[in-house]
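A.B. asks: So that we are looking at the same thing, I have put the structure below in C-alpha cells.
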Amino acid sequence: MSLSIQGKTAIVTGAARGLGLAIARHFVDKGANVMFADMDESRLEVEIGDEARTEGPVRMFAGDLRQKLAITNLLSATMDAFERVDILVNASRQVVMSDPLCIEDDAVEVMLQQNLFTSLRLSQLAAKRMIAQGEGGGTIINLSSIAARQTRPELLGYSVSCAAIEQMTRAMALSLAPKGIRVNAVAFGSVMSASLQGILKDNPDYRGAISEGTPLGRIAAASEVVETVQFLASDASAFMTGQIVTLDGGRSLLDVVPAPAH
C-alpha cells in the first residue's frame, strides 16, 4: 500500500504552531491541499499568510472552533477552496493544570470543550461532507495522549478529555465504517514540540527525567508523530479503523512502583 496523500484535501486544526503546524506543512510537502485552521489569526498570518494568498495548495481559516458557526464556516471555506475534504486531523489541543479538589476550578469543563467537543463536532460535519462526496470515503485522525491512561491529578481535565477522545475515536469508527470512512488516533508521550522545548529551556533537568522514564531513552521527534499521522491518512492503513496508535517509546508500559506484583 502507498503512503501517498498526493492530491488529497486535508483540514488540520491547531495549525498555527506545534504539532498541528508540523503536520499541515508536511502534508503540503507531500502534495496535499491543506486548510490550516486555528483561532490565532496573527500566528497563522506569520506562518503561512503569503502562501495562503496564492492559488496554491495552502489556505488558512482563523476562527474559534468551539463555536458551531465557526466549524460550519471552516467546512464551507474548505469546499470553496478545494471542492472536497478527504482528511481531517484534529490537532488542536490545550493543556491546563488544575487542582482536582477545587470546586471553583473549571479546568475539566474547559478541556472537554476545547479538546473533545470541538473535535467531535468538526468530525461529524466533515464525515457528513465525506459521505456526500460519494467516493473514496475519507479518514479522520485525532491526537490524544498517554495521559488518557495515566493518573496525574493536576492533569485531570486534560486526561479526561484525552480518554474521551479515544472513546469518541472508537465509536465514530464503528458508525462510519459502512461509509468507508476510517477514524483513528495517535496517543503520544513526550514529543520535542515548540512547547516542550520552552519547558526544557527553563527546566533542563526535566530532559533527563523524561529519558529515564522512557524505555527507548529519548524524547520523540515531532517528525515521528507527523509521519505516523501521514500513515493513518494514507492507503497504507486502509484496513485500520478505531485504533489508538501509541507513540511513547514504551513509557506507558512502565510500572512506576518498583515492587513485585504479588
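The values are calculated or read from the model by the stated rules, or taken from the named source; none is laboratory data. Predicted model only: the values in this text are computed from it and were never measured. Here the Cβ is made from the backbone with ideal geometry for all residues, glycine too, and neighbour counts use every protein chain on show.
A.B. asks: Can you work out which of the residues in the range 4-24 that are of a type outside the set (A, V, I, L, M) and without any contact (Cβ under 8 Å) to a residue 40 or more places away in the chain is nearest to GLN230 (Cα to Cα)?
C.D. replies: GLN6
A.B. asks: If you don't mind, there's one more thing I want to ask. ALA52 is checked against (1) aliphatic (A, V, I, L, M); (2) farther than 29 Å from SER190 by Cα; (3) touching a residue at least 24 places away in the same chain (Cβ under 8 Å) and fails just one. What number does that condition carry?
C.D. replies: Only one criterion is unmet by ALA52, namely (3).
A.B. asks: Further, regarding this structure: Say we look at the range 214-253 and pick out the residues that are small (Gly, Ala, Ser) and in a helix (DSSP H, G or I); which of these is surrounded by the most Cβ atoms within 10 Å (Cβ to Cβ)?
C.D. replies: Quick first cut of the range 214-253, residues small (Gly, Ala, Ser) only: 217, 220-223, 233-234, 236-238, 242, 249-250, 252.
Going one step further and asking which of them are in a helix (DSSP H, G or I), we end up with 222-223, 233, 236-237, 252.
Details: ALA222: 21, SER223: 12, ALA233: 28, ALA236: 14, SER237: 20, SER252: 17.
That would be ALA233.
A.B. asks: In the list ARG59, ARG66, which residue meets the criterion of being in a loop (DSSP other than H, G, I, E, B), surrounded by 15 or more Cβ atoms within 10 Å (Cβ to Cβ) and not aliphatic (A, V, I, L, M)? If you could, list the steps in order and put the result at the bottom.
C.D. replies: Values: ARG59 fails: in a loop (DSSP other than H, G, I, E, B).
None of the other options fit; the residue is ARG66.
A.B. asks: What do you reckon, is PHE27 touching a residue at least 40 places away in the same chain (Cβ under 8 Å), among the aromatic types (Phe, Trp, Tyr) and under 17 Å from ILE141 (Cα atoms)?
C.D. replies: The answer is yes for PHE27.
A.B. asks: Can we say PRO57 is in contact (Cβ under 8 Å) with a residue 40 or more places away in the chain, of a type outside the set (A, V, I, L, M, F, W, C) and more than 16 Å from GLY14 (Cα to Cα)?
C.D. replies: It is false that PRO57 is in contact (Cβ under 8 Å) with a residue 40 or more places away in the chain, of a type outside the set (A, V, I, L, M, F, W, C) and more than 16 Å from GLY14 (Cα to Cα).
A.B. asks: Take PHE36 and tell me if it is buried (at least 21 other Cβ atoms within 10 Å of the Cβ) and modelled with pLDDT of 95 or more.
C.D. replies: yes
A.B. asks: Quick one: which of ALA127, ALA171 is under 21 Å from ILE23 (Cα atoms), of a type in the set (Gly, Ala, Ser), part of a helix (DSSP H, G or I) and more than 16 Å from the chain's Cα centre (by Cα)?
C.D. replies: One residue alone meets the criteria, ALA127.
A.B. asks: Within the range 149-164, is even one residue surrounded by fewer than 16 Cβ atoms within 10 Å (Cβ to Cβ), of a type in the set (D, E, K, R) and under 20 Å from ALA37 (Cα atoms)?
C.D. replies: no
A.B. asks: Let me ask something else about it. Among the residues of the range 174-200, which ones are assigned to a helix (DSSP H, G or I) and out of contact with any helix residue (DSSP H, G or I) (no Cβ under 8 Å at 6 or more places or on another chain)?
C.D. replies: From the range 174-200, those assigned to a helix (DSSP H, G or I) are 174-179, 194-200; that's our starting set.
Within the range 174-200, LEU174, SER175, ALA177, PRO178, LEU196, GLN197, GLY198 meet the criteria.
A.B. asks: Could you check the range 130-142 and list, in sequence order, the residues that are assigned to a helix (DSSP H, G or I) and in contact with an Asp or Glu (Cβ under 9 Å, 6 or more places away or on another chain)?
C.D. replies: Selection gives MET130, GLN133.
A.B. asks: Name every residue in the range 82-108 that is more than 20 Å from GLY14 (Cα to Cα) and among the acidic types (Asp, Glu), in order of residue number.
C.D. replies: Once the filter is applied, which keeps residues that are more than 20 Å from GLY14 (Cα to Cα) and among the acidic types (Asp, Glu), the range 82-108 yields GLU83, ASP99, GLU104, ASP105, ASP106.
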